[in-house]
Amino acid sequence: MKTIVVVLGVLVSLAAAHVVFAQTSDGMISYEQKINLHRRLPPGQEARKAMIPEFRTTKHQLVFTEDASLYKPVIEDEEEPMGGGGGIQMRMRVPNEEVYINATSNAITTKREFMGKDYLIDDTLKISPWKLGTETKEILGYVCNMAYYIDESQPDRKLEVTAWYTNKLRPMLGPEQYGSLPGAVLAIDINNGDRVVVARKVEFRALKKNELKIPTSGQKITQAEYRKHVEETMKQMGGGNGRMIIRN
């Protein structure tokens, strides 16, 4: 019952926020993502810590209008080597993943790259079972409220998600699928530092032509089909995440 009440509260807040921010200008939010690579090593692979840095930092951007947004990585021209001994350099390539959300139609389209192939997933944007906290913090001059929930959609992995959002920017706006709060999400913390995404810049400007468009390239597939395909492929490869590139 508490979860239902919280979700209803978020829905009411979203409706009210849409009225307040109906005239919000177009713009872009730049994010920095930091992943703890050491935490992601499987048991028995402690020796690999010396071959890779503890953290991996990447840049992402969220372009938005009044009712749509597109979240995608900023692809660097040349990435720095991750270290390693014996003349071996390890690089982690940023996957070309894009998330398009239409807040009016509650539609979400995700383009995901896996093993060099693009997949296109169309779905309905779902409001996560957020619980609204009482804590606040300031990010880029915006006072942000806390919201959190536990994602148990994957049977073998539980995610503790904490978001910080501001009601000074329009609702239904945030990185990846974490945009179902009554304000723009400026920070996400997953599993207490396992993966952290923080906004580094907010700017309002006219968008360039084709800067915000729905992804159309890739094999259409459902979320369940994609997850099954990834799991089966990784089992055949003996584990790993398929994104680590080793160069001599």
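The values are calculated or read from the model by the stated rules, or taken from the named source; none is laboratory data. All of these numbers come straight from a predicted model, not from anything done at the bench. So basically every Cβ, Gly included, is an ideal-geometry build from the backbone, and we count neighbours across all protein chains shown. The protein model used for the area step is the full one, side chains on, heavy atoms only, and it has no ligands, DNA or RNA in it. Shrake-Rupley method; radii C 1.70, N 1.55, O 1.52, S 1.80 Å.
Give Ala199, Ala206 a once-over and let me know the one that is of a type in the set (A, V, I, L, M) and modelled with pLDDT of 95 or more.
Ala199 is the lone residue from the list that is of a type in the set (A, V, I, L, M) and modelled with pLDDT of 95 or more.
A quick yes/no check of all residues on (1) open to solvent by less than 50 Å² (accessible area, probe 1.4 Å); (2) part of a strand (DSSP E or B); (3) under 28 Å from Arg227 (Cα atoms):
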residue	(1), (2), (3)
Leu120	yes, yes, yes
Lys126	no, no, yes
Thr134	no, yes, no
Glu138	no, yes, no
Cys144	yes, yes, no
Ile150	no, yes, yes
Ser180	yes, no, yes
Val202	yes, yes, no
Asn210	no, no, no
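Here are some conditions: (1) more than 24 Å from the chain's Cα centre (by Cα); (2) surrounded by 13 or more Cβ atoms within 10 Å (Cβ to Cβ); (3) at pLDDT below 50. Lys2 meets all but one. Which one does it not meet?
Result: Lys2 fails condition (2) only.
What are the pairs, 6+ residues apart or on separate chains, where a residue within the range 58-72 that is of a type in the set (Val, Ile, Thr) has its Cβ under 7 Å from a residue that is assigned to a strand (DSSP E or B)?
What qualifies is Thr58/Gln33; Thr58/Pro73; Val63/Met28; Val63/Ser69; Val63/Leu70.
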